[in-house]
Amino acid sequence: MSIAAASHGFLSPTGVEIAFLLVGLVTFGAALVTVTTRQLVHAALWLVVTLGGLAVEYLLLTAEFIAWVQVLIYVGSVVVLLLFGLMLTKAPIGRSPDADSGNRWAALTVAVAAAAALVWVVVDAFRATWIDLDGAAAGSTKVTGESLFQNWVLPFEALSVLLLAALVGAIVLSRRAKAADAAARAAAAAPAPGADGDAGAKEGVR
């Protein structure tokens, strides 16, 4: 156990730890609203709050580079892509009953299981690890970049392909919707079958 761990414990938290807890609660609440609201646009906006809260948490952990990457990539790119896809597919601004599949219990079970597995992995990996928030930063941009593009390059590229596929899918869905609207308008504007013949017969009678 390090000196930072021995100087204070859970019963005497520092200001940074209190701020970390409060921001974490706000982030957790925003995440709950994101997955429970039935308004798609509001869900995307609450996702901005969630990802922004994570960026603040990184700042409190003295990981400035990861915090700005969180803001630039996730808040500035991923959320913008989601909103762009919602606009292309003409998602309703208000409540969307179709967004609820009815499988709430199955989704809740999967979410709880995934959260429990994630908490167990993190606690098991960092059980005896203490971070000295008053000391020098543990990582640098060079070390983080090397780790990202050497050890995590495949998931990074897979995520980029997934985002590209989502954008292409939104464009395809928007084009289909436009084609369906054009066909409906053409069908509404076209005269009914036999209307011309009836009009000619009436003229002949006159």
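Read the figures in this text as sums done on the coordinates, not as results from a lab. As the structure is a prediction and not an experimental result, all values here were calculated from the model. In this analysis, Cβ positions are derived from the backbone assuming ideal geometry, glycine residues included, and neighbour counts consider all displayed protein chains.
Here are the numbers for this structure:
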| quantity | calculated |
| --- | --- |
| Backbone HN-Hα couplings from phi across segment 163-170 [Karplus 6.51/-1.76/1.60, Hz, Gly and Pro as x] | 5, 5, 5, 5, 5, 5, x, 5 |
| In order through segment 17-25: 3J(HN,Hα) via Karplus (6.51 cos²θ - 1.76 cosθ + 1.60), integer Hz, x for Gly, Pro | 5, 5, 4, 4, 5, 5, 5, x, 5 |
| Net lengthening on full extension, Thr36/Ala117 (0.36 nm per residue, minus Cα-Cα) | 27.0 nm |
| Full-stretch length increase - Glu64, Asn103 - with 0.36 nm per residue and alpha-carbon distance subtracted | 10.1 nm |
| Amide N of segment 41-82 lying under 17 Å from the label point, which is placed 7 angstrom from the Cα of Ala165 along Cα→Cβ | 82 |
| Inter-label distance, nm, simple model (7 Å from Cα along the C-beta direction), Phe126/Ile73 | 1.7 nm |
